[in-house]
Each structure stands twice: as C-alpha cells, then as structure tokens.
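Enquirer: Below is a structure I'd like to ask you about.
The values are calculated or read from the model by the stated rules, or taken from the named source; none is laboratory data. Keep in mind it's a predicted model, so treat the numbers as computed, not measured. Backbone-built Cβ (ideal geometry, glycine too); neighbour counts: all protein chains shown.
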Amino acid sequence: PPSIHLGDDPERTRRFVQAMHGRALGIGRAVVPMLDLGGARRLLDVGGGPGTYAVLMAQAHAGLHGTVLDLPAIVDVARELIAGAGMEARVSTRPGDYHTAPFEGPWDVLTFFGVLHQEPPEVIADLMRRAHAALKPGGRLYVLDLMTDDTHAHPAFAALFALNMALTMEHGWVFSEREMAGWLAAAGFGGIGGRPVPPPMPHVLMTARKS
C-alpha cells in the first residue's frame, strides 16, 4: 500500500523520498528557468516531497524563501536533503497533510509539482480555491504535471501513465490541460496558460495569477 512509503515503514519512506529527489532534480532543472519568480519573497510548495523544487527555486532567486508542506515522515527526510544542499536558512518545512492543513499565507507563489494526478477532480478544485485564498493579490500559482489533450488519449506517454495510475492508486489519473484551466478559472484565477516543458520531459507547466 502507498502508506508504507509515506511513513508507515521509515526505511521505505526514506528510499522513496530519496528517489523522488533524484527524479525531481532532472525535472526541476528544466522547469525552474520557466518560472517567473521575480520579486517573490515567500513560496509554498504544496506536497513538496523532498524539497528539491523549493531548493532549486531558492537557489535561482536570491530573495526567495520557500516552505515545503508535506506529511511529517516525508519532511523529516526532506530536512536532511535541504541541509545537504546548504539551504536550510532559506527553505523550511511544515509537516501536515495538504488535504486538511491550512495553507495560511499570504504567499507570493504557490506550487503544485507532480501532486495533483493522485487526486480526484473535486479535491483538485478545492485545492485551487484554497490556493487562491492563500495568495497575495497578484500572486502566482504553478501546476506541473503530466496532462493530456481533450481526448485523454494523447500524448501517448501521459495516457499510459494515466493507465498505470488507475491501476495502482485509488484516485490516480491524468487530467487534460482544459480541465486544469477550468479548475483554475472556477477558483478565481486569471492569466491562465499552459506550455510544455522542453523535451525529453513529458510534463506541462500551467500558470495562473490572482487578480
């Protein structure tokens, strides 16, 4: 069960978080240059796992301080990885389940990187509403994930990933860019757009702004 990687088994949890870190390094180095973080001071990475993305963003923007919100057993390992990068002064952790833990704020930036494909539509919609409420006016939101076209059959990698998620996760799937844009608009966001991460990464980066 997924819980063995989320705290029930400390050693498996450690290996899982370290594996996420290795994967996120490659993705993050492609994604961080795509982000507009100019002038941002406070960032919340929701479900930020090993803290890799928050570290890379803080390293790229000297004035930025990041907070990683994730389950207690996850952030225990994340703290070690953040310290190993020498970034503990600018990247902190907050233990909590993002389904129920308050986002607090206000934040300049919120990120959901590789998180939402494990959530059903109603949860994604609620998370976007909560994110909108937690951002400062003009604040930015970024969603990074695999996404399909409107048919849910293309691109092939995303469609195959969706099949794998459906077989292994209770709510696993891959949503379309149009569906993600709809949840963002319903939550009150403007300036909504999406663009692919440069190859070979198969991800899409969605952006939105609080008016």
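Enquirer: Within region 78-94, track down each residue that is touching a residue at least 12 places away in the same chain (Cβ under 8 Å) and either of a type in the set (S, T, N, Q) or part of a loop (DSSP other than H, G, I, E, B) (or both).
Expert: Hits for region 78-94 are A85, M87, R90, S92, T93.
Okay, residues lined up against (1) in a loop (DSSP other than H, G, I, E, B); (2) out of contact with any strand residue (DSSP E or B) (no Cβ under 7 Å at 6 or more places or on another chain); (3) farther than 20 Å from V197 by Cα; (4) aromatic (F, W, Y):
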position: D36; (1), (2), (3), (4): yes, no, no, no
position: A40; (1), (2), (3), (4): yes, no, yes, no
position: G66; (1), (2), (3), (4): no, no, yes, no
position: V75; (1), (2), (3), (4): no, no, yes, no
position: E104; (1), (2), (3), (4): yes, yes, yes, no
position: V123; (1), (2), (3), (4): no, yes, yes, no
position: R129; (1), (2), (3), (4): no, yes, yes, no
position: R140; (1), (2), (3), (4): no, no, no, no
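Enquirer: Related question: Step by step: first the residues of region 42-64, then only those that are assigned to a helix (DSSP H, G or I) and small (G, A, S), then the one that is nearest to E104 (Cα to Cα). Which residue is that?
Expert: As a first pass, look at region 42-64 and keep what is assigned to a helix (DSSP H, G or I): 52-60.
Filter once more, keeping what is small (G, A, S): 54, 58, 60.
Working: A54: 18, A58: 20, A60: 25 Å.
Here the answer is A54.
Enquirer: Something else about it: Given the conditions (1) farther than 18 Å from A131 by Cα; (2) crowded, with 19+ Cβ neighbours inside 10 Å; (3) modelled with pLDDT of 95 or more, report the number of the one that G63 does not fulfil.
Expert: All conditions are met except number (2).
Enquirer: Identify the single condition in (1) in a loop (DSSP other than H, G, I, E, B); (2) over 21 Å from P200 (Cα atoms); (3) in contact with a helix residue (DSSP H, G or I) (Cβ under 9 Å, 6 or more places away or on another chain); (4) not polar (S, T, N, Q) that H152 does not satisfy, given that it satisfies every other one.
Expert: (2)
Enquirer: If you go through region 119-150 one residue at a time, how many are in contact with a Gly (Cβ under 8 Å, 6 or more places away or on another chain) and more than 16 Å from T100 (Cα to Cα)?
Expert: Result for region 119-150: 5.
Enquirer: Let me ask something additional. Do we find that A24 is under 25 Å from H203 (Cα atoms), touching a residue at least 40 places away in the same chain (Cβ under 8 Å) and crowded, with 20+ Cβ neighbours inside 10 Å in this structure? Before you say what the answer is, go through the steps one by one.
Expert: Values: under 25 Å from H203 (Cα atoms): yes; touching a residue at least 40 places away in the same chain (Cβ under 8 Å): yes; crowded, with 20+ Cβ neighbours inside 10 Å: yes.
So A24 passes the test.
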